[in-house]
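For reference, the structure discussed in these notes is given below.
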Amino acid sequence: VQLQASGGGLVQPGGSLRLSCAASGSVFSISDMGWYRQAPGKQRELVATITSGGRTNYADSVKGRFTISRDNAKNTVYLQMNSLKPDDTAVYYCNGDLNRRNYWGQGTLVTVSS
């Protein structure tokens, strides 16, 4: 069982990116999923979470700009990031409760720069 994140890259300020994180392996149940990020020299922080029922939670710094969603049929969680700022530059990690255990994805780098 693992989480595989993708979709990071270099984007200009004001631009958009969509991150994806797919769970693979013998996945029997998935409950909460989320995205976290870690900027250089800083601690990892929560970006957004989503429950199996679709209830969402966001960090204040991304409210109104980022949207988390999930496709339960595909065991995938997404993070749509709009109006990106240089402060959003970080390695983004997905996290999920799979088969009643907590897993982290490998991280994907998002760089916001002109």
Under a GNM of the chain (C-alpha, springs under 10 Å), which listed residue has the highest mean-square fluctuation: Gly41, Gly96, Gly54? Gly41
Using a ≥ b ≥ c from the Cα gyration tensor of the chain (square roots of the eigenvalues), is it rounded, prolate or oblate, where a/c under 1.5 gives rounded and otherwise the larger of a/b and b/c decides, a/b for prolate? prolate
For segment 88-99, in residue order, the Karplus 3J(HN,Hα) values (coefficients 6.51, -1.76, 1.60; θ = phi - 60°; whole Hz; Gly and Pro = x) are 7, 4, 4, 8, 9, 10, 9, 9, x, 8, 10, 6
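Counting pairwise Cα distances across segment 60-114, what percent come out greater than 16 angstrom? Write out the running numbers ahead of the final one.
Working: 788 of 1485 pairs.
The calculated P(r) of segment 60-114 puts 53 percent of pairs beyond 16 Å.
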For the chain, what is the relative contact order in percent, using Cα pairs closer than 8 Å and at least 6 residues apart in sequence? 38 percent
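With a 1.4 Å probe and all protein chains in place, put Arg18, Arg44, Arg100, Arg65 in order of accessible area, largest first.
Details: Arg18 130, Arg44 100, Arg100 230, Arg65 30 Å².
If we order Arg18, Arg44, Arg100, Arg65 from most to least accessible, we get Arg100, Arg18, Arg44, Arg65.
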Surrounding net charge for Leu79, when Lys and Arg each add one and Asp and Glu each subtract one, Cβ distance under 12 Å: +3
Please give every one of the lysines within straight-line cross-link reach of Lys85, meaning a C-alpha to C-alpha distance under 29 Å, and leave out same-chain neighbours fewer than 8 residues apart. Lys42, Lys63
Karplus (6.51, -1.76, 1.60) ³J(HN,Hα), θ = phi - 60°, over segment 18-34, in Hz, Gly and Pro reported as x: 10, 9, 10, 9, 10, 8, 9, x, 7, 9, 9, 8, 9, 9, 5, 9, x
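The values are calculated or read from the model by the stated rules, or taken from the named source; none is laboratory data. Here the structure is a predicted model, which is why all the values come from computation and not from measurement. When we count neighbours, we look across all protein chains shown, and the Cβ atoms used for this are built from the backbone with ideal geometry, even at glycine. Note: areas computed on protein heavy atoms with side chains; ligands, DNA, RNA excluded. Shrake-Rupley method; radii C 1.70, N 1.55, O 1.52, S 1.80 Å.
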